[in-house]
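Remarks on the structure that follows.
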Amino acid sequence: MNNATDLSRRLLKSYPVKILKEHFETAPGNQEEILEEILQNNSRIEIENFSYSHFNYTKQHIYIYKFQHPYAPTSITQQQLGYKIIKQDVTANRLLIFALADVTFQVIVNFGGAINQVDLNFHQPMMIEVTRHYLIIRFTVLESKLTPYFPANAALYSPTKAVDEKSILTPLIALFANNAPEKADLNKGIKKLWDDDSIDSREVKFKKSKSMSKETMDEDNLVKVEYPDVYAELMKSPLNKTLFKYLKDNDDLCGHFTCDPTNGEITIPLYSKNTSQIDSVINEIITNN
């Protein structure tokens, strides 16, 4: 259940079927048939290299930190990182690392009356980008539905992550302790894009003087368009988790993304159409910050 082929299969399932078919030039078929063909005809190294080159097509959780003391890019060993490094690139201005983090789901399984705890291991793709002023850590979002990995008549209970993103982040951030990283406040960048009508929101959570407030729009309505008075109030307050829609007709930008500006977090909930979209979202926010 957790052999090398199982881990490669689960890794591939984080990527769009369309991209798998195009890259590996598979015969027509459903997802399981395509995965089986890829696993039979490609080595583990080839699959891991694919996971790196096509990382930007995956759904992602992004955590952004700002250094209080500038960082001089230098390489990091696999032992320091604690995870398998697939690719590392160091220039005078940037350190870029792509690695596979080891993540474990624990689940109680009832199969024919026999109840056992089962551990399911995953390789979670992770990109670490470090510049003089920012630490950006990006994770591929893992599928939380575990039923496809068990027989149809197995009942699953209480699935939990024994290792999750938060537990991975803590030692990663500690590697840069001398640079004093803090959660990046992205409010300025997000509000600039909103003010310029580059984005608008369908759902926004923000801090009032004595409480939290949340606005959720019906259907395709947008906050700034429908409630300019609410928008004006939002511009005065720190924003929390907010669902944004790009208004620009630009294929290099994600159609939707969620951002918690106060805590420096971005979520890309859908597969990207190309490898530029996620980078463009991050760069636009930071550039305007």
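Between LYS188 and GLU36, what length comes free when the chain is fully extended (0.36 nm per residue of separation minus the Cα-Cα distance, one decimal in nm)?
50.0 nm
Distance in nm between label sites at ARG44 and THR104, each 7 Å beyond Cα in the beta-carbon direction?
1.8
When MET212, MET127, MET217 are ordered from fewest to most other Cβ atoms inside 10 Å of their Cβ, what list results?
If I rank by nearby Cβ atoms, fewest first, I get MET212, MET217, MET127.
Any idea what the dipole of the stretch 60-183 comes to, in debye rounded to 20, about its Cα centre with Lys/Arg Cβ at +1 and Asp/Glu Cβ at -1?
Computed about the Cα centre, the dipole is about 280 debye.
Assuming a viscosity of 1.567 mPa s and a temperature of 4 °C, what translational diffusion coefficient in µm² per second does Stokes-Einstein assign to the chain, Rh being the Kirkwood radius over Cα pairs?
Using the Kirkwood radius from Cα pairs, D works out to 62 µm²/s.
How long are the semi-axes of the equivalent ellipsoid of the stretch 46-173, taking √(5λ) for every eigenvalue λ of the Cα gyration tensor, in whole Å from largest down?
Sorted largest first and rounded, they come to 34, 15, 12 Å.
Return the tail of the calculated pair distribution for the stretch 4-57, meaning the percent of Cα-Cα pairs more than 15 Å apart.
35
So if a site counts as exposed when it's one of the GluC sites (Glu not before Pro), its DSSP state isn't H, G, I, E or B, and it has at most 14 other Cβ atoms within 10 Å, what's the longest stretch of the chain without one?
That gives 26-142 as the longest site-free run.
In debye to the nearest 20, how big a dipole does the stretch 4-57 give about its Cα centre with +1 on each Lys and Arg Cβ and -1 on each Asp and Glu Cβ?
That gives a dipole near 200 debye.
Using the Karplus curve 6.51 cos²θ - 1.76 cosθ + 1.60 with θ = phi - 60°, what ³J(HN,Hα) values do you get for each residue of the stretch 68-77, in whole Hz, with x for Gly and Pro?
Calculated HN-Hα couplings, in order: 7, 10, x, 9, 9, x, 8, 5, 10, 7 Hz.
Mind grabbing the base-10 log of I(q)/I(0) for the stretch 1-106 at q = 0.17 Å⁻¹? Debye formula, identical points on the C-alpha positions, no solvent, two decimal places.
Taken in order of the listed q values, log10 I(q)/I(0) reads -0.92.
How big is the stretch 150-273 by the Kirkwood estimate over distinct Cα pairs, in Å?
Answer for the stretch 150-273: a Kirkwood hydrodynamic radius of 17.0 Å.
Charges on Cβ only, +1 for Lys and Arg, -1 for Asp and Glu, centred on the Cα centroid of the chain; of ASN274, ALA92, PHE122, which one is farthest towards the dipole's positive end?
Among ASN274, ALA92, PHE122, the one farthest towards the positive end of the dipole of the chain is ALA92.
Starting from the 7 Å offset along Cα-to-Cβ, what nm value, one decimal, do you get for the label separation of ALA162 and ASN250?
If labels sit at ALA162 and ASN250, their model points lie 4.5 nm apart.
Which of LYS166, LYS84, LYS248 moves the most in a Gaussian network model of the chain with Cα springs under 10 Å?
LYS166
Can you compute the FRET efficiency between SER211 and PHE150 using 1/(1 + (r/R0)^6), with r the Cβ-Cβ distance and R0 = 41 Å? Round to the nearest 0.05.
Efficiency computed from Cβ-Cβ geometry: 0.40.
Which of ILE62, VAL17, GLY112 sits closest to the plus end of the dipole of the chain, meaning its Cα is farthest towards the positive end, when Lys and Arg get +1 and Asp and Glu get -1 on the C-beta?
ILE62
Just list whichever of LYS18/LYS191; LYS161/LYS236; LYS145/LYS192; LYS241/LYS273; LYS84/LYS205 have alpha carbons separated by over 32 Å in the model shown.
Beyond 32 Å: LYS18/LYS191; LYS161/LYS236; LYS145/LYS192; LYS84/LYS205.
Rule-based calculations on the coordinates, nothing more; no lab input. Note that this is a predicted model, so its numbers are computed, not measured. Quick reminder, even Gly has a Cβ in these numbers, built from the backbone with ideal geometry, and neighbours come from all protein chains shown.
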